[in-house]
Amino acid sequence: MGDQHKTLRDLPVEENVAPGTMLCAGCGGVLLVRIFEKILGPNTITLNAAGCMSMLSVFPYTPFKSSWLYVAMASAPAAAQGVRDALDIMIRKGRIRPEDDLKVVVITGDGAAADIGLQTTSGALHRNLDFYYLVYDNEGYSNTGFQASGSSPFGAATKTTLPSKHVPEGSLLEKKDLFEIWRAHRPPYVATVSPAYIADMMRKVERASQFAGPKLFIAHSPCPPGWDIDSGAVIRLAKMAVETGVWPLKEAVHGQVTHSLVMKKRRPVEEYLKMQGRFEHLFSPARQEDVLQKIQAKVDGYWKSVTERSL
Ligand code: SF4
């Protein structure tokens, strides 16, 4: 890895996650896991909290070239501590050479990251554990039928926030700001990434690799069945999320935030919402103007604060 990672052509050719898994066609999460493992290279050990990606490896099959461990939903960062400690002890005892050390990688969905595993992540951040963490944020518990998670956005329909006569909005709760929750612990590196901006992701992983300690990535991960979108629309939708300002591309190095991309003119958030069946109730049978305005105002408010901070 190096500064050369500027375009898709710079992506390593070598695959560390083989194709042909049982996951859904067009899954944004699996695409990001594949790219992430490509950038990190073959010397990794991956700890996978229960979720969609834990269906990648089902004994005796695995698409991972390197070692992979399945752990309980709450425990991946704690298990990563055990693996990191074991590697350090083996190096100290001369049982493995320092050059054969492995990068410890945690992969979870947003349910584990924002809800069930938040405590163990906080502990790992507090201990300054040297590991990579990728959360594929599909904004719901997709592995069990798409119930709402702490990462589901306001206005989204999920299996547990179905729009009704009494609650026409769908989800009434706002999406947790995992970036800020993680950043509050002041780890060396936190970033958001998108499957539509792979060069940006390469640059960020490369930058993060310079730091010892937690290196955390929150990945926008469109989920065709959960978001009710066509599997061919995933990258278009991911791009739209950035162009509307819904998914800011940013990083924080030791707490200092910079945005990788600040749009001069953002598209209306509606364009992003209209592409997804989970927001259809905001437009039909009647347009929910107040809800749409609230969603747009939140995005506008975010970017206003970004602009004011940089003045
Ligand atoms: S349910 Fe969604 S996140 Fe899970 S494998 Fe399918 S597309 Fe991916």
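For Tyr61, Tyr272, Tyr141, which order do you get if you count the other beta carbons within 10 Å of each Cβ and list the fewest first?
Tyr61, Tyr272, Tyr141
For the pair the range 119-198 / the range 225-265, the C-alpha centres are spaced 14 Å from each other. Taking a span of 20 Å or more along the helix axis (Cα atoms) and a mean Kyte-Doolittle hydropathy of at least -1.0 as the rule, the DSSP H helices of the chain that qualify are 76-92, 289-310. In this simple spin-label model, placing a label point 7 Å from the Cα along the Cα-to-Cβ direction at both Ala72 and Met90 gives a separation of 2.5 nm. Think of each Lys and Arg Cβ as +1 and each Asp and Glu Cβ as -1; about the Cα centre, that makes the dipole of the range 8-310 roughly 440 debye. Going by neighbour counts of Cβ atoms within 10 Å, the residues Ser66, Ser142, Ser305 line up, fewest first, as Ser305, Ser66, Ser142. Note on the chain: GNM, Cα springs under 10 Å; of Ala199, Ala86, Ala156, the largest mean-square fluctuation is that of Ala86.
Result for the chain in a Gaussian network model with C-alpha springs under 10 Å: among Thr160, Thr192, Thr108, the largest mean-square fluctuation is at Thr160.
Tell me the mean residue ellipticity at 222 nm calculated for the chain from its helices only (DSSP H runs of n ≥ 4, each -39500 (n - 2.57), averaged over every residue, nearest 500). Can you show the working numbers first?
On the way: 9 runs with 97 residues, N = 311.
Estimated from H runs of four or more residues: -9500 deg cm²/dmol.
Across Arg97, Arg203, Arg186, mean-square fluctuation computed from a Gaussian network of the chain (C-alpha pairs under 10 Å connected) peaks at Arg97.
Of the trypsin sites (Lys or Arg not before Pro) found in the range 246-311, the ones in coil according to DSSP and having at most 10 other Cβ atoms within 10 Å of their Cβ are Lys264, Lys265.
Using only the Cα atoms of the chain, build the gyration tensor, take square roots of its eigenvalues as a ≥ b ≥ c, and label the shape rounded, prolate or oblate: rounded if a/c is under 1.5, else prolate if a/b is larger than b/c, else oblate. Before the final figure, lay out each step's value.
Values: a/c = 1.77, a/b = 1.53, b/c = 1.16.
Because a/c hits 1.5 or more and a/b exceeds b/c, the chain counts as prolate.
Here, each number is a calculation from the coordinates, and none is a lab measurement. Since we're looking at a predicted model, the values are computed, not measured. Here the Cβ is made from the backbone with ideal geometry for all residues, glycine too, and neighbour counts use every protein chain on show.
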